[in-house]
Amino acid sequence: MHINEELFQREDFKRNLKAYEEAMKTGKTVFMDIDDMTDIIDFYNYDGRIDDANAMADYALSLYPGAIGPHVFKARQAIANDNIDEAKAQCEAIDDKSDIDYFYLRTELEIAQMNYEESEKMIKEAFKTIEDREDKENFLLDIGALYVDYNAIDLGEKWLDKMEDKENKERLELISRILCNRSEYDEAAKILETLIDKNPFIYRYWNTLGIIHLCRNDFDECRNCAEYSLAIYPNNTDGLWCLAKALVGQGDMEGATETFEKFLKRMPNCAKAELEIGTCLVQLDKADEAEKYLNMALEHGDDDAMVIAQASDDLAFIYSSRGDIDKALQHLDKSEMFSPYIDDSPYTQAQRYVLRGHIYMMNDQPEEGLKYFEKATKKSNRNPEIIFKIMVSLFDHELYDMVLTYYRKLIRVIPEGWDVGYAYAAASYFKTKDIDKGTKCLKKACQLNPKEVETIFGNFFPSGMNNEEFCEMIKNLKLK
């Protein structure tokens with residue numbers, strides 16, 4: 001459901017929150033209206049502080065048994081944890097079953113179970129009974145938000161389109177989320193930029209815009225948005241997440257690790273954050289620390305296929321780098337058990353073969369590794385991205401003739417606009433003493449992908465020459 005962030009900036013809300021938190025610290029009892037207590041529950045939930053929200057819900061119900069706000073929160077938590085029976089029990093514990101929020105919760109239960117025929121029937125019948133124009137608009141907005149929250153975006157859009165006020169800011173924000181879901185990032189960004197122009201102090205807008213930039217791999221803009229969000233509300237969880245992911249994209253693994261750790265303090269036992277920290281630590285060659293966080297992710301994310309698969313992959317690399325190939329392969333087997341739940345496409349299966357081949361390469365079993373690389377190539381139908389990943393693994397293991405074998409496969413299938421692999425091929429030609437072909441490849445790499453040139457040749461730049469100058473020099477070389 002849609003929560004009005006502006007409520008949390010009001011002075012009366014801040015006073016109530018402060019009074020409650022001070023009372024909890026001193027063990028005193030604080031009395032306030034149930035609506036005010038529900039606002040605090042919503043704030044904690046919105047801020048990702050689920051334990052605090054649960055504690056407030058329990059406290060509120062001890063004072064107001066059967067109150068709708070705390071039971072709605074607890075029911076939604078049960079839905080999030082796939083405990084529909086508990087959600088129904090919380091729903092039925094509500095005293096006032098004429099309250100619109102009771103109807104919304106019953107509808108949400110049907111939507112969560114994808115019983116759309118039943119939810120649509122309930123919504124249509126309820127909508128017929130509403131006469132007041134403002135009540136209709138609010139109803140349509142809330143129903144649209146419910147559907148969007150559960151990724152039923154077509155149904156959400158249908159109800160939002162019935163609103164008269166097409167410029168309602170909450171409606172526009174939901175439309176931007178629908179556009180994001182459809183990967184229509186430019187249109188979504190335009191809407192959010194318009195909302196930010198009208199009110200730049202809603203940190204949720206900045207976070208959503210940051211996620212759009214993240215989806216477009218525009219890490220600089222994602223970071224800018226996250227920093228604006230965190231300036232408005234320091235340490236908000238979505239802002240920290242956006243900032244950390246942007247730092248990963250910029251290659252700042254130290255900064256990303258620190259930011260994910262701040263996030264984890266706000267969201268203890270979050271498996272996704274533990275996974276991200278572990279992955280960053282792997283990149284920083286801090287295997288022992290990474291192993292600890294990756295095992296924590298497996299412990300806390302035991303029902304999340306993505307977490308299990310990626311954490312197991314990273315652990316496989318750690319054990320492989322220690323020469324413990326048996327343990328590495330055990331983790332790969334575990335990952336492969338869960339990866340089909342994420343994506344069972346031939347491309348993904350090919351990636352699994354590349355990974356397994358790389359593990360064999362790391363443990364001085366090149367013949368076995370090459371078998372899996374060939375399987376990956378065939379499984380992916382000679383996908384250029386798969387072939388490039390194989391080239392990188394072979395280059396890392398100094399098998400330069402084989403790099404060139406796969407480079408020749410690559411150039412037969414590369415699509416228009418392709419710009420990676422040329423620097424790897426150039427270095428491999430030089431290593432195998434084919435200077436002319438190496439120089440031609442290096443010129444192409446300098447034209448298409450200077451960053452890759454710096455990665456492969458950076459240690460060989462003439463003293464005082466930067467990457468741009470080096471690439472310019474190579475591009476101007478006269479070939480025989």
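Before moving on, here are some points about what is shown:
- Test for residue 143: is it among the hydrophobic types (A, V, I, L, M, F, W, C), out of contact with any His (no Cβ under 8 Å at 6 or more places or on another chain) and either within 16 Å of residue 206 (Cα to Cα) or in contact (Cβ under 8 Å) with a residue 40 or more places away in the chain (or both): no
- Residue 150 among the aromatic types (Phe, Trp, Tyr) and buried (at least 20 other Cβ atoms within 10 Å of the Cβ): no
- Just one of the listed residues (388, 430) is of a type in the set (A, V, I, L, M, F, W, C) and either within 29 Å of residue 319 (Cβ to Cβ) or assigned to a loop (DSSP other than H, G, I, E, B) (or both), namely 388.
- Cβ separations smaller than 6 Å between residues 6+ apart or across chains give the following pairs from segment 32-52 residues that are within 21 Å of residue 204 (Cα to Cα) and at pLDDT 90 or above to residues that are open to solvent by 10 Å² or more (accessible area, probe 1.4 Å) and not in a helix (DSSP H, G or I): 42/3.
- Residue 220 vs. criteria under 19 Å from the mean Cα position of the chain (by Cα) and under 19 Å from residue 48 (Cβ atoms): no
- Qualifying residue in segment 201-217 (condition: assigned to a loop (DSSP other than H, G, I, E, B), small (Gly, Ala, Ser) and at pLDDT 95 or above): no
- Among the residues of segment 177-210, those that are small (Gly, Ala, Ser) and farther than 20 Å from residue 237 by Cβ comprise 183, 188, 189.
- Total residues in segment 113-140 satisfying the condition of being among the β-branched types (Val, Ile, Thr) and open to solvent by 70 Å² or more (accessible area, probe 1.4 Å): the figure is 1.
- Of the residues making up segment 236-270, those that are in a helix (DSSP H, G or I) and free of Cβ contacts under 8 Å to residues at least 12 places away in the same chain number 3.
- Scope segment 291-306; condition in a helix (DSSP H, G or I) and surrounded by fewer than 23 Cβ atoms within 10 Å (Cβ to Cβ); matching residues: 291, 292, 295, 296, 298, 299, 300, 305, 306
- The sole residue among 86, 108 that is in contact with a helix residue (DSSP H, G or I) (Cβ under 9 Å, 6 or more places away or on another chain), acidic (Asp, Glu) and closer than 25 Å to residue 156 by Cβ is 108.
- Contacts under 6 angstrom Cβ, first residue in segment 163-179 being open to solvent by 40 Å² or more (accessible area, probe 1.4 Å), partner β-branched (Val, Ile, Thr), 6 or more apart: 177/148
The values are calculated or read from the model by the stated rules, or taken from the named source; none is laboratory data. Remember, predicted model here, so these are calculated numbers, not experimental data. All Cβ positions, glycine included, derive from the backbone under ideal geometry; neighbour counts span all protein chains shown. All accessible areas refer to the heavy atoms of the entire protein, side chains included, with ligands and DNA or RNA removed. Shrake-Rupley method; radii C 1.70, N 1.55, O 1.52, S 1.80 Å.
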